[in-house]
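Please treat every number below as a calculation from the coordinates, not as lab data. Just so it is clear, the structure is predicted and the values come from calculations on it, not from any experiment. Note that we place each Cβ from the backbone using ideal geometry, even for glycine, and neighbour counts take in every protein chain shown.
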Amino acid sequence: MKQVAFFIFVLSHLANQVLGAFGGSHIHVKADTLAASKIFINTAFENASPMNWHIDSAGRVIGQMVYDHERFSPNRAVNHYHFRVEAAVGTEVTVILENFDNIWNGRLASDLSEKSRYVVSFDNKKWESRSVVPLPGRRVFIKFKMEAPQAYIASVEPYRISDLNKMLARIKQHKLASVTTIGKTSEGRSLEIVRIGNENAPKRLFLRARAHAFEAGGNWTVEGLVQKLLSNDDDAKRYLKTYCVYILPMANKDGVARGKTRFNANGYDLNRKWDVPADSLIAPENYYLEQWLHRMVKANKRPDLALDIHNDAGGYLHISRPDGDISAYLSNMEKLEMLLRKHTWFTAGSTKPSFRNPGTLGEGFMERFGIHAAVYELNYEWIAGLNKAPLAEDWVSLGQNLGEVFYNYFKGN
Ligand SMILES: [Zn+2]
């Protein structure tokens, strides 16, 4: 034991000397914490986010997430964090995450909202939403007590590839449904399109979720809709007489696997550049979706409505506004918004006529494929209609009610 203690002493001494040599460094590591830390941050699991961390002299965890960079652009993003704290039960843990200096459309993003939340789980099953304290300089302060030897901390309730695989396994057993692999992601993961319902139903709906890796809300919403449609109850039967649903449930699988925020493995934003055909090498996730869409159009099965489901801090339905006569589309979107308000907890409304975001899936599907399409954002900080912070169950309930929304949307169209 004496030898170990001596070794630690030498290590500490060396560390002090090294740190002394970098006297100007802003990170001051008190030497004794090098040996004495009782908190470990584990990121070696599915969807965990890459990060650097250390314990400061006050025993706090200081973390810096790794930015997700857009290819050939100044843009970078850190929204997602997902890590596991390992420490003794009862330990008071303080975490300061330091670097939310996101660059968005070439500009530094605004400060973190007072409404910022995080989710915590002590069993990796049941999650609870809690407030973070935004600190000056785009940092967040999280404090909690260990209720188990492990605490999972995340920006939103995670939905992982393993969750998707469970859903796909359930779908495959169902007579009314199928799972088709349409291609591979940049890193070689399979991209699936799920079909639920009869291919010859009068109307067709297409949904995409998780183009941006942190936005798990879209996956939970799809989960709810799929549950409802496969429930075989009277409502589900009525819906599926009217429409067939096609879903690309997790477009950015590589980003989800690696716990990243936004871009695909090549730094490509899967909700941009939809005004031109996607590059098969840089953006295979979009390329294979386009190929599938071309096949659908050729087979006379063009979707009648398409929604790309996202998470942001606004929660709007983003109406596409390409050039030309879009009056029929606009009146359909008005109907969709009204039905969302009527049948779900949606209250946010839609974007104003002055807002246009060319290159999104909503715009590209409209302009290039003649499909009525929109980007549907889910507010990940607060659900005004429920007066609460969102958890998976709230998005699942939204998805369950979307079945009725689409039924009424298509009825009489
Ligand atoms: Zn998004």
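Remarks
- One way to sum up the overall shape of the chain is the equivalent ellipsoid from its Cα gyration tensor, whose semi-axes run 43, 22, 20 Å, largest first.
- With K and R counted +1 and D and E -1, the other residues having a Cβ less than 15 Å from that of residue 346 yield a net charge of -2.
- The mean sequence distance of close C-alpha pairs (under 8 Å, at least 6 residues apart), as a share of the length of the chain, puts its relative contact order at 15 percent.
- Length added when fully stretched, residue 393-residue 347, from 0.36 nm per residue minus Cα-Cα: 14.8 nm
- Semi-axes of the equivalent ellipsoid of the stretch 28-158 are 25, 18, 14 Å, computed as sqrt(5λ) over the eigenvalues of the C-alpha gyration tensor in descending order.
- Acute angle (nearest 10 degrees) that the helix 217-229 long axis makes with the longest principal axis of the chain, alpha-carbon atoms: 40 degrees
- Exceeding the 27 Å Cα-Cα cut-off - candidates 298/352; 184/342; 253/352; 241/298: 298/352; 184/342; 253/352
- Rounded to 10°, Cα long-axis angle of helix 327-343 versus longest principal axis of the chain: 60 degrees
- Efficiency of FRET from Cβ geometry, residue 161 and residue 300, R₀ 35 Å, rounded to 0.05: 0.55
- Cα centre as origin, Lys/Arg/Asp/Glu Cβ charges: the stretch 37-154 dipole, Debye: 140 debye
- Among 120, 242, 37 - extreme Cα towards positive end, dipole of the chain, charges at beta-carbon: 242
- log10 of Debye I(q)/I(0), alpha-carbon scatterers only, for the stretch 286-413 at 0.11, 0.21 Å⁻¹: -0.40, -1.32
- Full-extension gain in nm, residue 52 to residue 143, via 0.36 nm per residue minus C-alpha separation: 30.9 nm
- Cβ-defined net charge surrounding residue 187, 11 Å radius [Lys, Arg +1; Asp, Glu -1]: +2
- Note on residue 92 and residue 42: the model spin-label points, each 7 Å out from Cα along the C-beta direction, lie 2.5 nm apart.
- Helix axis angle, 161-172 relative to the chain longest principal axis, alpha carbon, degrees: 30 degrees
- Summing Lys and Arg as +1 and Asp and Glu as -1 over all other residues whose Cβ lies under 12 Å from the Cβ of residue 362 gives a net charge of 0.
- Burial ordering of 393, 290, fewest other beta-carbon atoms within 10 Å first: 393, 290
- Between the stretch 224-282 and the stretch 175-218, the alpha-carbon center distance in angstrom: 5 Å
- Virtual spin-label span in nm between residue 313 and residue 125, 7 Å along Cα→Cβ: 3.4 nm
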